[in-house]
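Input: a single structure, listed below in structure tokens.
Only the coordinates and a few stated rules stand behind these numbers; no lab work does. Just so we're clear, the structure is a prediction, and the values are computed from it rather than from any experiment. Note that each Cβ is placed from the backbone with ideal geometry, even for glycine, and that neighbours are counted across all protein chains shown.
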Amino acid sequence: MAVVVTGVGLASALGNLEDSWNRLVEQRSGIRLYQPFLDLKTTPLALINDQPAELVSLTQRVVLEAIQDAGLSLPLPDCGVVVGSSRGNQAEWEKLSRRYRENELTSLKSWLETLPNRAAIAAAHLLQTQAAVLSPMAACATGIWAIAQGYELIQTGHCERVIVGAIEAAITPLTLIGFDRMGALAKTGCYPFDRDREGLVLGEGGAILVLESARLATHRGAKIYGQILGFGLTADGYHVSAPEPESRAAISAVRHCLKQSGLSPQDIDYIHAHGTSTQLNDRNEAHLIQQLFPSGVPVSSTKGATGHTIGASGTLGAAFCLMALRHQILPPCVGLNQSDFDLDFVDSPRSASVQNVLNFSFGFGGQNAVVCFGLREH
């Protein structure tokens, strides 16, 4: 059963879906220097507004945009929900902890509203659904994992329509301190695959896709961004944060995705790379692409424009892949000045014949996720 995307909602430091795409194509970045917490130093961040976002309101905003874009209206009682988040409502836990330490916490009645599945529950309540509600957490692979799970809900006949994606309100003191102590945070900006890359820049935001069976989408005359052709999910089983040096499990994920999609490496017109701008990720990912695509394929990472939205980065990448299919334009690798690797990086917007695209995500714990979108229908 063919599964297609009929709606997209997105929020990033660049704006909503249309604004983010237009500014990305203009090679603009939403990364700025901020000091959202007075006891922490100023650092480059990709904030939606001047202060860190709140998870539930951000989720509701992006879900509503996706539903509207798909030409649907609420309620949607038969619509499945697969909405994940790597950090979940961590910001609220940090606030509760701080209030507890300062003896300002008098009640924990609302603690249930801070659980990690809060974004999925908020989406389900908004839709008033009685279908399956799932809340994956797979570090930076969360977004693509959500797409894969939604795809399978339709493939197995559980639903004919599912909203999928991930939302991240990751700008919290603990997250910033943690990445800083790891030496992973950039000092000036995000420069994916660049010879002078410094590390990642944390961003916030998310994307929601409306998935439908091709039969349902065709029946109601919905616009179609593209079709999910296949996916691949593996784990390194190697280290809590560092990728396995030979990328064997990541390569397996790509190969499985291609096989499920019925494609060869030569059929891929564009790769949206994970491209975090860290030393290890960019090196391993570049070598992986060189090994699997020896004849070359256009590659870019959009994190130089949106920052690294952690668990949501895979669905932001998916949205940009779908916009590339729709507009037949490859998005540029913002922040790349001098490449450190021999790949066909998209250094400026490129018009192209785009039929099949791959979207990569690689998360802590060695979690590898790949999804393929295409214009063809089976």
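Model label sites at residue 177 and residue 50, defined 7 Å from Cα along the beta-carbon direction, differ in position by 2.6 nm.
Rounded to whole numbers, the Karplus 3J(HN,Hα) couplings from phi for segment 153-167 are 4, 6, 4, 8, x, 5, 9, 9, 9, 9, 8, 9, x, 8, 10 Hz, using 6.51 cos²θ - 1.76 cosθ + 1.60 with θ = phi - 60°, and x at Gly and Pro.
Taking a straight line from the alpha carbon of residue 223, these lysines sit under 29 Å away, with near neighbours fewer than eight places off in the same chain left out: 259, 303. Spin-label model, residue 255 to residue 241: label points 7 Å out along the Cα-to-beta-carbon direction sit 3.1 nm apart.
Please report the antiparallel percentage of the DSSP beta bridges confined to the chain, to the nearest 5.
Details: 42 of 60 bridges.
If I count the DSSP bridges inside the chain, around 70 percent turn out antiparallel.
A DSSP coil position with no more than 13 other Cβ atoms inside 10 Å describes the following trypsin sites (Lys or Arg not before Pro) in segment 183-218: 187, 195. Among the listed options (i) 49, 24, 19; (ii) 29, 27, 18; (iii) 34, 24, 19, the one matching semi-axes √(5λ) of the Cα gyration tensor in Å as calculated from these coordinates is (ii).
In terms of other Cβ atoms within 10 Å, 261, 348 run from fewest to most in the order 348, 261.
Spatial offset of segment 1-58 relative to segment 247-281 amounts to 25 Å, using the alpha carbon center of each. Packing around the peptides 320-333, 47-60, 140-153, taken as the average count of other Cβ atoms within 10 Å per residue, puts them in this order, highest first: 140-153, 320-333, 47-60. Magnitude of the charge dipole for segment 190-238, about its Cα centre and with charges confined to Cβ atoms of Lys, Arg (+1) and Asp, Glu (-1), is about 440 debye.
Note down the relative contact order for the chain as a percent, whole number, built from C-alpha pairs under 8 angstrom at least six residues apart. If you can, show how the numbers build up before the last one.
On the way: 983 pairs, mean separation 93.0, N = 378.
Relative contact order, the chain: 25 percent.
The relative contact order of segment 252-315 comes to 37 percent, based on Cα pairs under 8 Å that sit 6 or more residues apart.
One-quarter of the Cα convex hull surface for segment 60-159, in nm²? List each step's numbers first, then the result.
Details: hull surface 29.9 nm².
Seen from a random direction, the Cα hull of segment 60-159 projects 7.5 nm² on average.
The residue list 62, 296, 311 was ranked by how far each Cα lies along the charge dipole of segment 3-374 toward its positive end, using unit charges on Cβ atoms, and 62 comes out on top. Computed on segment 64-177, with alpha-carbon pairs under 8 angstrom and 6+ residues apart, the relative contact order is 44 percent.
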